[in-house]
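Student: First the structure, which I've put down as structure tokens, then a few questions once you've had a look.
No lab work stands behind these numbers, since they all come straight from the coordinates. Fair warning: this is a prediction, and the values are worked out from it, not measured in the lab. Please note: Cβ atoms are built from the backbone with ideal geometry, for glycine as well, and neighbour counts cover all protein chains shown.
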Amino acid sequence: MDLELAGKVAIVTGGGRGIGRAIVAALAAEGATVAIVDRDNVDRAEALAAELGQAAAFRADVSRSDDVAAMVEAVTQRFGKVDILVNNAGTLSRKSIIEDSYEDWDRVLRTNLYGCYHCARAVAPAMIARGTGRIVNISSIHGRVAKAAMGSYCTSKAAIDMFTKQLAVELAPHGVTVNAVAPGTISTEINLPLYKSTAPADVALQQATLKKVPMGRIGEPEDIGRAVAFLASGKTPYITGAILYVDGGYIAEGTPRL
Ligand SMILES: NC(=O)c1ccc[n+]([C@@H]2O[C@H](COP(=O)([O-])OP(=O)(O)OC[C@H]3O[C@@H](n4cnc5c(N)ncnc54)[C@H](O)[C@@H]3O)[C@@H](O)[C@H]2O)c1
């Protein structure tokens, strides 16, 4: 399908590895020029940009508004405009709400939620002025379903869901759509050690997770890349405020199977 992304300029945060990398590849495959933004994996972002050609790497910490403003300015200088923003950069803390340190709670909320807020605020005025734009936020099934020992993460993703809907309502009159893609468990570097492990406790956890997925497998980063490209495309002008679950049926079923 031609997603009408030729000539479009996209920013993908956290694009150096994992799901972000697959989003970058999906957008570039459809003809978009991509600014690959990362904080810790800039070398990998640079290598990916060199591989793709119509792309460049930019360093920014999305939890800092000054960093984000400078990054958006640099992308605009380089490519002339920003048509698409994908807020993908994310982090987590594997602790319950009461066990988590204030520092970790702050780090997760500042990266996941404030990252979306800083980036959206930095790109939206020019999108409004041009009367067009696409913003896609990466949420999670855990914005809707709580998970033990993931207190700050689940809280941040639920907040991203409402941020998505609120911003969609505010920007709808200006021709800018705002949607979220909410992945289930995806095969990336944060999950691979667990999914490759043969230790009994890890195998038990793998099986417990897979039992909750009607398709019986975890997802691939490319599953998310394709969904984001669709919502970022010219084919979806009437979809806004949506949360698209890409999860092998996890949310549809709702409760773990026995
Ligand atoms: N992997 C999963 O199973 C899964 C499931 C649901 C949602 N998600 C979400 O998808 C997104 C990507 O996940 P992933 O598995 O690819 O993670 P990952 O850790 O493999 O990659 C995240 C990237 O974001 C970058 N990053 C982190 N903090 C940043 C910051 N403050 N500023 C700029 N860049 C920063 C990292 O350097 C890294 O390159 C996250 O928002 C995550 O919550 C992942």
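Student: Given the rule -39500 (n - 2.57) for each run of at least 4 DSSP H residues, summed and divided by the residues of the chain, what is its mean residue ellipticity at 222 nm, to the nearest 500 deg cm²/dmol?
Tutor: Details: 9 runs with 120 residues, N = 258.
Here the helix-only value at 222 nm equals -15000 deg cm²/dmol.
Student: Here's something else I'd like to know. What number comes out for the charge environment of Ala227, summing +1 per Lys or Arg and -1 per Asp or Glu over other residues with Cβ under 12 Å away? Display every interim value, and only then the final one.
Tutor: On the way: positive: Arg226; negative: Glu220, Glu222, Asp223, Asp247.
Residues close to Ala227 contribute a combined charge of -3.
Student: Calculate the radius of gyration of the Cα atoms of the chain to one decimal place, then report Dmax, the largest Cα-Cα distance, as a whole number, both in Å.
Tutor: That works out to 17.7, 56 Å for Rg and Dmax.
Student: Could you list which residues have their amide H under 5 Å from that of Ile135, counting only those 5 or more apart in sequence or on another chain, with H placed in the peptide plane?
Tutor: For Ile135, the qualifying residues are Leu85, Thr177, Val178, Asn179.
Student: Using the Cα centre of the chain as origin and beta-carbon charges of +1 (Lys, Arg) and -1 (Asp, Glu), tell me which of Thr13, Leu113, Met162 is placed farthest towards the positive end of the dipole.
Tutor: Comparing the listed Cα positions along the dipole, Met162 ranks first.
Student: Rounded to two decimals, what is the ratio between the C-alpha radius of gyration of region 1-73 and 2.2 N^0.38 Å?
Tutor: Details: Rg = 11.7 Å, N = 73, 2.2 N^0.38 = 11.2 Å.
Relative to the 2.2 N^0.38 Å estimate, region 1-73 comes out at 1.04.
Student: Okay, moving on. Taking H as built 1.01 Å from N, whose amide H comes closer than 5 Å to the amide H of Phe58, not counting residues under 5 places away?
Tutor: Placed amide hydrogens put Ile36, Val37, Asp38 under 5 Å from Phe58.
Student: Next question, about the same structure. What are the ³J(HN,Hα) values, in whole Hz, obtained from phi via the Karplus relation 6.51 cos²θ - 1.76 cosθ + 1.60 with θ = phi - 60°, for each residue of region 119-132 in sequence order, with x given for Gly and Pro?
Tutor: So the J values, rounded to whole Hz, are 5, 5, 4, 6, 9, 4, x, 6, 5, 4, 4, 8, x, 7.
Student: Taking θ as phi - 60°, what are the ³J(HN,Hα) couplings along region 243-253 by the Karplus curve (6.51, -1.76, 1.60), each to the nearest whole Hz, with x for Gly and Pro?
Tutor: Karplus values, whole Hz, x for Gly and Pro: 10, 9, 7, 10, 8, x, x, 3, 6, 4, 6.
Student: Which angle from 0 to 90°, rounded to the nearest 10, does the C-alpha axis of helix 65-79 make with the longest principal axis of the chain?
Tutor: Result, in degrees: 50.
Student: Return the long-range amide H neighbours of Tyr245 (sequence gap of 5 or more, or a different chain), with a cut-off of under 5 Å between placed amide H atoms.
Tutor: Residues meeting the criterion, in which the H sits 1.01 Å from N, are Ala182.
Student: Go through region 15-32 residue by residue and turn each phi into a ³J(HN,Hα) via Karplus (6.51, -1.76, 1.60, θ = phi - 60°); whole Hz please, and just put x for glycine and proline.
Tutor: x, x, 8, x, 4, x, 4, 5, 5, 4, 5, 5, 5, 5, 4, 8, x, 6
Student: Around Val178, under 11 Å between beta carbons, what's the net of Lys plus Arg minus Asp minus Glu among the other residues?
Tutor: Details: positive: Arg134, Lys165; negative: Glu170.
Net of charged neighbours comes to +1.
Student: Excluding residues on the same chain fewer than 8 positions from Lys81, give the lysines whose Cα lies under 29 Å from its Cα.
Tutor: The reachable lysines, counting only those whose Cα sits under 29 Å from Lys81, are Lys8, Lys157, Lys165, Lys235.
Student: Could you compute the net charge surrounding Tyr102? Neighbours are other residues with a C-beta less than 12 Å from the C-beta of Tyr102; K and R count +1, D and E count -1.
Tutor: Details: positive: Lys95, Arg107, Arg110; negative: Glu99, Asp100, Glu103, Asp104, Asp106.
Within the 12 Å Cβ shell, the charges total -2.
Student: Let me ask another. By its C-alpha gyration tensor, with a ≥ b ≥ c as the square roots of the eigenvalues, how is region 138-258 shaped: rounded for a/c under 1.5, else prolate for a/b larger than b/c, else oblate?
Tutor: On the way: a/c = 2.41, a/b = 1.95, b/c = 1.24.
Prolate, because a/c is 1.5 or more and a/b exceeds b/c.
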